[in-house]
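Notes follow the structure.
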Amino acid sequence: MGLFTKIRKKLTGASSASAQNQNYLKPDPLHPTLQENIQKIKETLGNSTDLMIRKIQIGKNRKYRIGIFYIDGLVDNKTIQKDIMKSLLTEILGTEVEEKISRDPLPLLKESILSVGSLKDIGDYGTFFSSLLSGETVLLVDGCEQGLALSTVGGEQRAITEPVTQTVVRGPQNAFTENIHTNVSLVRRIIKDPNLWMETRTIGRVTQTKVSVMYLKGIADEKVVEEVRQRLDHIDIDGILESGYIEELIQDNTYSPFPTVYNSERPDVIASELLEGRIAILVDGTPFVLVVPAIFVQFFQSAEDYYQRADFGLIRILRYVALALALLGPSFYVAITTFHQEMLPTTLLISLAAQREGVPFPAFIEALIMETTFELLREAGVRMPRPVGQAVSIVGALVIGQAAVEAGLVSAAMVIVVSVTAIANFTFPSFNIGISIRLLRFGLMFIAASFGLFGITVGLIAIVLHLCSLKSFGVPYLSPMAPFILSDQKDAIIRLPRWALFTRSKTTHPRNLVRQQPPQKAKPKPPKGEGS
Amino acid sequence: MKKWVLFFCMLTIVLLLLSGCWNRRELNELAIAMAYGFDKEGDQYLVTTQVVVPSEVASKTTGGNLIPVVVYQAKGATLFEAIRKMTLLSPRKIYASHLRMLVIGEELAKEGISEALDFISRDHENRTDFFVTVARNQKAEDILKVTTILEKIPANQMYQALQTSADAWAPSAHITLDQLIADLISKGKEAVLTGIEKEGPLKVGESKDNVQKIDPPTRLTYTTLAVFKGDRLVGWLTENESKAYNYIHNDVKSTVGHLPCTNGGKVTVEVIRSKSKLKGKVINGIPQIEIDVRTEDSVGEANCEIDLTKTETIEHLEKTAEKGLKDMITKTVAEAQKYKVDIFGFGEEINRSNPDYWKKVKDHWDQEFEKLEVKVNVDVNILRVGTTKYPIMKLIKE
C-alpha cells in the first residue's frame with residue numbers, strides 16, 4: 001500500500017488545484033439583476049452554444065423581466081413550450097393573476113402559473129448549475145435573488161430492450177437502460193411496497209452522477225445499509241462513468257480475482273435480490289445495477305433457475321461441473337500427460353501419444369499457444385466492428401480447429417481440451433466470474449506444468465483458502481458452505497421446489513426470515529374427496 | 001506490501017528451481033512398453049521388450065503400413081542392466097507403467113523366477129496388474145516377435161485373449177504379478193501360470209506377411225497351466241487338470257463341458273455360475289480338506305435321444321455331471337499329491353482353520369500334503385435347457 005500512498009502524496013498538490021477550478025460549485029448567492037446573472041452564467045459555461053437563454057417580460061405593462069435558462073438536448077422542448085412559455089406569456093394575459101404578480105412574483109409563479117410537475121427554489125450558483133446541467137429549466141426573475149428550477153428532463157434516450165448479457169428462455173424479457181429514472185421505475189413496477197426505500201446521492205465532482213441505494217426496509221440488514229452509505233460517501237472522484245467505478249471503490253478486497261459485488265441488468269433479478277435482503281446500487285448512465293452483499297454461489301445462479309420447474313435447478317450442478325472444467329481442463333491435461341502417464345488407460349495413452357507424435361512443443365507450451373489463441377479470438381470477437389465479425393470467426397475456426405492440427409503445431413486432443421474449457425467458461429450466468437476463472441486457469445496451468453497433480457492440488461487448496469478468507473460487506477463469501485448453513489442449502493447448489501423455500505436466505509442476515517407459509521401448507525395438494 | 005513481494009519472490013524461485021526437472025516427460029518422449037519377455041542365455045539375462053509405435057496404432061493414420069510395435073532386445077548380467085542397455089537401441093527410454101504382459105521363457109522358469117520378479121516388483125514405474133505367462137517349450141523372445149491382426153498390438157492380443165479365455169473357458173488362469181508373488185511367498189500354496197505357445201515358423205510370424213493372410217501361419221495360443229514348486233517350473237497340467245484347478249480355486253466364471261448320454265451321444269452343458277469353497281479341518285492331528293463345488297448349468301447342446309422336458313432326465317444329467325466333475329477334481333488332487341505340489345492352497349486353508357497345527361507342519365508341508373485327506377462334494381444344478389425342447393436328432397428319427 002505504501003506505493004499508493006506515496007503517489008497520492010505526490011499528486012495532492014495537483015488534485016487540490018483541480019478542485020479550485022470547480023469554484024462554481026461554491027454556494028455564491030445569485031445576483032439580484034438578471035443582466036448580471038446572465039453575464040456570469042455565460043462566463044462560467046464559456047459561452048457554450050448549447051446553453052439556451054430566453055428573456056421574456058410578464059405582468060402588467062410587461063413589468064417583470066424573466067430569464068429562462070436550459071441546455072439544448074437535455075430538456076423536453078414540448079414541456080418548455082406548453083407548460084412554461086404558454087403559461088407565462090399567453091394564459092395569464094388579462095387575468096387577476098397578472099394584476100397580483102406585480103407585488104411578489106415568485107410564489108405566484110410557483111403556485112398559480114407554472115404547470116410543470118415539480119419545481120424547486122434555488123438561491124445560489126451551485127444549485128443553479130447542477131439543476132441546469134441535469135436537464136432542468138431555470139427561471140430567474142429580474143430583481144429577485146431567488147430562482148426556480150423546473151423539472152423538464154427529457155431528450156433522446158434508449159428504449160427498454162431485451163437483456164443482452166443475461167438471457168433466459170422463460171422469464172421477463174426487459175433490461176435496464178442507461179437512465180436511472182427508468183431503472184428505478186422498472187424495479188418499482190415489480191415491488192409495489194412502501195418499504196422499498198431509496199436514497200439518492202450525487203457522486204463525481206465533474207460528472208455529478210446520480211447513485212441510488214435501494215433496499216427493502218425491514219428486510220435488509222440496517223448495518224449493511226449503513227456500511228453501503230459510508231462507503232459511498234467516502235468516494236471522492238471526478239467522474240463515475242459506469243457502475244464498475246463504484247464497484248471497485250466499494251468492494252472489500254481489490255487483490256482478489258473473485259468479484260465480491262454482484263451485478264445484473266435484469267430488473268427481475270434485482271427485485272429478487274432485494275427480496276432476499278440485499279441492497280441494490282443503481283448508477284445513472286449504465287444498465288448494470290450493483291448488488292451487495294454478494295456470495296460465491298450467487299454467480300452460478302441464473303434467473304431461469306427460479307422460473308422453470310424445480311428439477312431445472314439441477315442444471316446448477318452442471319454449472320459447477322463447468323466450473324471444474326473451465327478451471328482445471330488444460331492444467332489437468334498437462335499434468336497427466338507430462339507427469340502421470342500411468343494414470344491413463346493404456347488405449348487412451350497410446351492414442352494421445354499418437355497425436356503428440358511430431359508435435360514440436362511440450363504439452364504446456366502447446367496448451368499456452370491454444371489458450372492464448374482462443375483468448376485473442378474471444379477478445380477480437382468482442383472488440384471488433386460488427387461487419388468484420390464473420391471474417392474473424394471463420395479464420396478463428398480454421399486456425400484453431402484445423403490448420404493448427406494439420407500443420408502439426410498442436411495435437412488434436414489439446415484442441416478438444418481447449419474448446420471444452422472455452423465452452424464451459426461460457427456457461428456461467430455471470431460474466432465476471434468467468435473472468436476470474438480464466439485468470440486462475442492460466443495460473444493453474446503454470447503450476448501443473450511444474451509440479452503436476454501435486455501442484456494442482458496445492459493450487460486448489462490455495463484458491464479455497466482464499467475464497468474462505470473473502471467477505472462481501474461482512475458476509476462470508478463462501479456461505480452457505482463455509483460457514484455451513486443448513487437451511488440455505490435448499491437454494492445453493494440445487495434449488496428445491498418453491499413451497500420448500502419458505503425462509504429467506506440467512507447469509508444476508510435479513511431481519512425478516514419468513515418468505516411464505518410453511519411447506520406443509522404451501523405444498524399443493526389434490527382436492528379432497530377425489531378418487532385417485 | 002513487503003510480505004507480498006517476498007511471497008512472490010519465493011514462488012518464482014521455487015518455480016524456477018523445480019520446474020522441468022522432476023520426472024517431467026512428454027508423451028512423445030516415452031517408449032511405451034507393452035510386454036516384457038525374460039530369457040536366460042548362459043548366465044546372462046536376455047530381455048525382450050515390445051514397444052508401441054503410437055503413430056501406427058492411432059485411428060487417424062489410415063495407413064497401417066507398418067507393424068505397430070517394435071521389439072528391442074538387450075543382454076545383461078541383471079535384468080535392470082539389460083533394460084537400461086536398451087537405450088543403446090531405442091531413441092526413447094523404456095516406460096513400463098503400462099506393461100500388459102510378462103512372458104517368461106521355459107528355461108528361465110525351470111531355473112527359478114525369483115530373481116526376475118524382484119526387479120519387476122521393486123521398480124517404482126511398474127504396476128502389478130499385468131499378466132504373467134510362461135512360454136511353453138520356447139523362449140520368451142519368440143513369443144514377443146509374432147504379429148497379430150485383430151488387436152494390432154500383440155501384447156494387447158495376448159492380454160485380451162487370456163482374459164476372455166479365463167472368463168469363458170476354464171483351463172487358463174490370468175495370474176497378475178501381485179498374485180504370483182503372493183503365491184510364491186506363501187508356504188501353503190504353490191504358484192501356477194498359464195502357458196503360451198507360438199505355433200508356426202518364426203520367420204513368417206515376425207513379418208508383416210503373417211497378418212496379411214486370412215489364415216495367419218504363425219499365431220500365439222494359450223496352453224494349460226504350468227506348475228511351480230518354489231520358484232521353479234516343475235511340470236504342466238493337462239487341460240482337464242487345469243480346469244479342475246480353476247474349479248477348486250473358485251476361478252471358473254463360465255465354461256463348457258460334455259457329458260455322455262446313457263444310450264450314446266453327448267450332451268453339452270454350459271456352466272453359468274460356479275462357486276467353490278475350501279474347508280480345512282484338523283481332527284486328531286490329521287488335516288482334512290473339504291471341497292464344496294456348486295455350479296449352475298444350462299444345456300447347450302443335446303445330441304442324443306433324451307427327453308429334456310422330464311425332470312428325471314435332468315436329474316440324471318445332473319448326477320452324471322456331478323460324478324464327472326468329482327472324478328476330475330479328485331484325480332487332479334491325487335496327481336498334485338503325487339508330485340507333492342500344493343497348488344490349490346490347501347496349506348493356507350489349514351493355516352486359517354488351525355494356526356497352531358500349521359506352525360508345526362509348515363516346514364514339511366509337502367509331505368503332509370501328500371497324505372492329505374481330501375473330500376470332494378459337487379452339486380450341479382441344471383437350470384435351463386435352451387430354447388428348444390427336443391433334440392433335433394430325436395425329432396428327425398421320429
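What follows draws every value from the coordinates through simple rules; no lab data is involved. Model, not experiment: these values are computed from the prediction. All Cβ positions, glycine included, derive from the backbone under ideal geometry; neighbour counts span all protein chains shown.
Measure nothing fancy, just the Cα-based angle from helix A:315-338's long axis to the longest principal axis of chain A, in degrees from 0 to 90, nearest 10.
Rounded to the nearest ten degrees, it is 50.
What nm distance separates the two modelled labels at residue A:365 and residue A:484, each placed 7 Å from Cα along Cα→Cβ?
4.8
What whole number of Å gives the distance from the Cα centroid of region B:93-152 to the Cα centroid of region A:292-343?
Between the Cα centres of region A:292-343 and region B:93-152 lies a distance of 44 Å.
At a 10 angstrom cut-off on C-beta neighbours, averaged per residue, how do the peptides B:219-230, B:133-144 rank from highest to lowest?
Answer by packing, highest mean first, reads B:133-144, B:219-230.
With label points built 7 Å along Cα→Cβ from the Cα atoms of residue B:178 and residue A:378, find their separation and express it in nm.
4.2
Which helices, counted as full DSSP H runs in chain B, have an axial Cα extent of no less than 27 Å and a Kyte-Doolittle average of -1.0 or above?
Counting only whole DSSP H runs, the qualifying helices are B:311-339.
By average Cβ neighbour count within 10 Å, what is the ranking of B:112-123, B:383-394 from highest down?
B:112-123, B:383-394
Quick check on the exposure proxy: order B:356, A:72 from fewest to most C-beta atoms within 10 angstrom.
Working: B:356 8, A:72 12.
Listed from fewest to most nearby Cβ atoms, that is B:356, A:72.
Using the beta-carbon distance between residue B:167 and residue A:173 and R0 = 60 Å, what value does 1/(1 + (r/R0)^6) give for FRET efficiency, to the nearest 0.05?
The value I calculate is 0.50.
Counting other C-beta atoms within 10 Å, and keeping those with at most 15, which DSSP coil trypsin sites (Lys or Arg not before Pro) do you find in region B:234-311?
Of the trypsin sites (Lys or Arg not before Pro), the ones in loops of region B:234-311 whose Cβ has at most 15 other Cβ atoms within 10 Å are B:253, B:310.
Hey, quick one: spin label on residue A:208, modelled 7 Å out along Cα-Cβ, who in region A:26-69 has an amide N within reach, i.e. under 14 Å?
Those under the cut-off are A:26-28, A:41-42, A:44-46, A:51-52, A:69.
When Cβ neighbours within 10 Å are restricted to other protein chains, what is their mean count per residue of peptide B:96-104?
Taking the mean over all residues of the peptide, I get 2.
Rank the residues A:205, A:309 as a footprinting-exposure proxy: fewest other Cβ atoms within 10 Å of their Cβ go first.
A:309, A:205
Taking the Cα centre of the protein assembly as shown as the origin and placing charges on Cβ (Lys, Arg +1; Asp, Glu -1), which of B:365, A:417, B:205 is farthest toward the positive end of the dipole?
A:417
Would you mind computing, in nm to one decimal, how far apart the modelled labels at residue B:13 and residue A:191 are, each placed 7 Å from Cα along Cα→Cβ?
5.3
Estimate the FRET efficiency between residue B:296 and residue A:416 by the formula 1/(1 + (r/R0)^6), using the beta-carbon distance for r and 60 Å for R0, to the nearest 0.05.
Given R0 = 60 Å and the Cβ-Cβ separation, E is 0.85.
From the backbone phi of region B:252-260, what are the Karplus-calculated ³J(HN,Hα) couplings (6.51 cos²θ - 1.76 cosθ + 1.60, θ = phi - 60°) in whole Hz, Gly and Pro given as x?
Whole-Hz 3J(HN,Hα) from phi for region B:252-260: 8, 8, 7, 7, 9, x, 10, 10, x.
What does the charge dipole of region A:310-476 about its Cα centre add up to, to the nearest 20 debye, if the Cβ of each Lys and Arg holds +1 and the Cβ of each Asp and Glu holds -1? Mind dumping the intermediate values first?
Values: 9 positive and 8 negative charges, 116 e Å.
Here region A:310-476 has a charge dipole of around 560 debye.
Please compute the average number of Cβ atoms from other chains found within 10 Å of each residue's Cβ in peptide A:333-342.
Averaged over the peptide's residues, the number is 4.
Where Rh denotes the Kirkwood radius from the mean inverse Cα pair distance, what is Rg over Rh for chain A?
Using only Cα positions, Rg/Rh for chain A is 1.09.
What angle, in degrees between 0 and 90 and rounded to the nearest 10, separates the Cα long axis of helix A:34-44 from the longest principal axis of the Cα atoms of chain A?
Result, in degrees: 20.
Determine, for B:86, A:445, the number of other Cβ atoms within 10 Å of each Cβ, and report the residues in order from fewest to most. If you can, show how the numbers build up before the last one.
Details: B:86 21, A:445 26.
Starting with the residue having the fewest Cβ neighbours, the order is B:86, A:445.
Show me, for region B:138-145, the HN-Hα J-couplings you get by feeding each phi into the Karplus relation (A = 6.51, B = -1.76, C = 1.60, θ = phi - 60°), rounded to Hz, glycine and proline as x.
With coefficients 6.51, -1.76 and 1.60, one gets 8, 8, 5, 4, 5, 5, 6, 9 Hz.
What's the local net charge at residue A:120, with K and R +1, D and E -1, over the other residues with C-beta under 10 Å away?
-1
Using alpha-carbon positions, what is the distance between the centroids of region A:140-203 and region B:266-289, in Å?
So the separation of the two Cα centres works out to 87 Å.
How many Cβ atoms of partner chains, on average, are near each residue of A:449-455 if near means within 10 Å of its Cβ?
4
If you put +1 on each Lys and Arg Cβ and -1 on each Asp and Glu Cβ, how big is the dipole of region B:238-398 around its Cα centre, in Debye rounded to 20?
180
Kindly state, to the nearest 0.05, the FRET efficiency for residue A:110 paired with residue A:90, given R0 = 30 Å and r defined as their beta-carbon distance. Walk me through the numbers on the way to the answer.
On the way: r = 19 Å, r/R0 = 0.63.
My answer for the efficiency is 0.95.
Return the long-range amide H neighbours of residue B:273 (sequence gap of 5 or more, or a different chain), with a cut-off of under 5 Å between placed amide H atoms.
Those lying under 5 Å, H to H, from residue B:273 are B:296.
Rounded to the nearest 20 debye, what is the charge dipole size of region A:180-294 about its Cα centre when +1 sits on each Lys and Arg Cβ and -1 on each Asp and Glu Cβ?
400
Would you work out which of A:480, A:436, A:289 lies farthest towards the positive end of the dipole of chain A, given +1 charges on the beta-carbon of Lys and Arg and -1 on that of Asp and Glu, about the Cα centre?
A:480
Using +1 at the Cβ of each Lys and Arg and -1 at the Cβ of each Asp and Glu in the protein assembly as shown, identify which of B:195, B:44, A:79 lies farthest towards the dipole's positive end.
A:79
Counting pairs of Cα atoms in chain B, how many percent are more than 34 Å apart?
Beyond 34 Å sits 45 percent of the P(r) for chain B.
Starting from the Kirkwood Rh over alpha-carbon pairs, what translational D in µm² s⁻¹ does the protein assembly as shown have by Stokes-Einstein at 20 °C and 1.002 mPa s?
It comes out at roughly 58 µm²/s.
Could you work out how much longer the chain between residue A:62 and residue A:201 gets when fully extended? Use 0.36 nm per residue separation minus the Cα distance between them, nm to one decimal.
Extending this stretch completely gives an extra 46.0 nm.
Apply the a/c threshold of 1.5 to the C-alpha gyration tensor of region A:310-476 and tell me whether it is rounded, prolate or oblate.
oblate
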